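What follows is one structure encoded as structure tokens, with my remarks underneath.
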Amino acid sequence: MILDASCQLDYQVVDEVPAIFMLRPRGGWAQWIMREEFHIRPHVPVSEFTDVYGNLCLRTVMPPGNFHLSVQYRVQVDDRVDEDIYAPLWLVQNLPPETLHFLLPSRYCQSDELSVLATSIIGNLPSNYQCVAAIRSWVHQNIRNESGSSNSFTTALETLNTRRGVCRDFAHLGIALCRAINVPARMVVGFLHQLYPMDLHAWFEAYIGGRWFTFDATENMTRGNRIVVAYGRDAADVALATIFGNFTMQNMQVTVSEHQPQVWA
């Protein structure tokens, strides 16, 4: 499917405020960036860099007054996510070095405190893709998706205790449980077609059989038609806007729709 997606952000600031925006998707085997547009008002200098996780970032200083940033994409994506129930979990000593930091506890994912629960979830399953699929199913079945039930400080342990959360909380808990059984797991943020209510979305990926697989515990079954924008250990690494000062967000609007090619008479 070809998706048209957009994100509009409007801020008001009193003094100059440095900011980093993580809003540029990368092309790859699961998505092809066909078109990309950025609009900033007022016009200010912008520099680009790639962070330690390979995410594409924009760096600027927002001037006093109203500040507008909008992005539009046209992206070809897969209609389904890949699955391989026989893909093996790799032993830690065989993992590529670049995956090892996705095994460690992080700010929102206290995997070192969840080994007993994670082990009970996978039970006697074979040491393969099915273990992570069982973790995804357990989170989906035991955590209630409830808007406004958490905040930017909520951790995986708090989500487990309250048994409710939003997409980022589902992702954090899934990640923490995977790491608890020595499976590298990372957080993903981006766009999902037919998400309701429409917003930016979060899910997780696990490294199995030599590659990353997609899992979304907010859904009955993980579906495709996703645009990946950023990867990281948890939400602290994938904030789409990091602003170093006082600001007021006046508006945020997200759209995702199937591209309708123009038909010429």
Restricting the range 205-245 to residues that are among the aromatic types (Phe, Trp, Tyr) and in contact with a Pro (Cβ under 6 Å, 6 or more places away or on another chain), which is nearest to Asn182 (Cα to Cα)?
Tyr207
Determine which single condition Phe38 fails, assuming it passes every other condition in (1) of a type in the set (A, V, I, L, M, F, W, C); (2) part of a strand (DSSP E or B); (3) at pLDDT 95 or above.
(3)
Taking first residues from the range 44-63 that are within 15 Å of Thr242 (Cβ to Cβ) and second residues anywhere that are aromatic (Phe, Trp, Tyr) and assigned to a strand (DSSP E or B), the pairs with Cβ under 6 Å that are 6 or more apart or on different chains are Tyr53/Tyr231; Cys57/Phe49; Leu58/Phe21
Matching entry among Val132, Val139, Val189, Val183 (being assigned to a loop (DSSP other than H, G, I, E, B) and buried (at least 22 other Cβ atoms within 10 Å of the Cβ)):
Val183
State whether the residues of the range 92-109 include one that is closer than 17 Å to Gly174 by Cα, modelled with pLDDT of 95 or more, in contact with a Gly (Cβ under 7 Å, 6 or more places away or on another chain) and not hydroxyl-bearing (Ser, Thr, Tyr).
no
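This table checks each residue for (1) at positive phi; (2) buried (at least 24 other Cβ atoms within 10 Å of the Cβ); (3) of a type in the set (Ser, Thr, Tyr).
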residue	(1), (2), (3)
Thr154	no, no, yes
Val166	no, no, no
Cys178	no, yes, no
His201	no, no, no
Trp212	no, no, no
Asp216	no, yes, no
Arg223	no, no, no
Val254	no, no, no
Has the range 48-55 got at least one residue that is farther than 17 Å from Pro184 by Cα and surrounded by 14 or more Cβ atoms within 10 Å (Cβ to Cβ)?
yes
Selection from the range 92-139 of residues that are within 14 Å of Ile208 (Cα to Cα) and in contact with a Cys (Cβ under 8 Å, 6 or more places away or on another chain):
Val132, Ile135
Right, Ile33: within 22 Å of Ile227 (Cβ to Cβ) and either crowded, with 16+ Cβ neighbours inside 10 Å or not assigned by TED's automatic domain parsing to the domain that holds Met62 (or both) or not?
no
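Looking at Phe49, Phe67 in this structure, which one is assigned to a strand (DSSP E or B) and farther than 23 Å from Gln253 by Cα? Let's see the steps before the verdict.
Values: Phe67 fails: farther than 23 Å from Gln253 by Cα.
Exactly one of Phe49, Phe67 is assigned to a strand (DSSP E or B) and farther than 23 Å from Gln253 by Cα, namely Phe49.
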If I filter the range 102-129 down to residues being in contact with a Leu (Cβ under 8 Å, 6 or more places away or on another chain) and small (Gly, Ala, Ser), which single residue comes out as surrounded by the fewest Cβ atoms within 10 Å (Cβ to Cβ)?
Ser127
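The values are calculated or read from the model by the stated rules, or taken from the named source; none is laboratory data. If you're wondering where the values come from, they're calculated on a predicted model, not measured in any experiment. With ideal geometry, Cβ positions are generated from the backbone for all residues, glycine too; neighbour counts draw on all protein chains shown.
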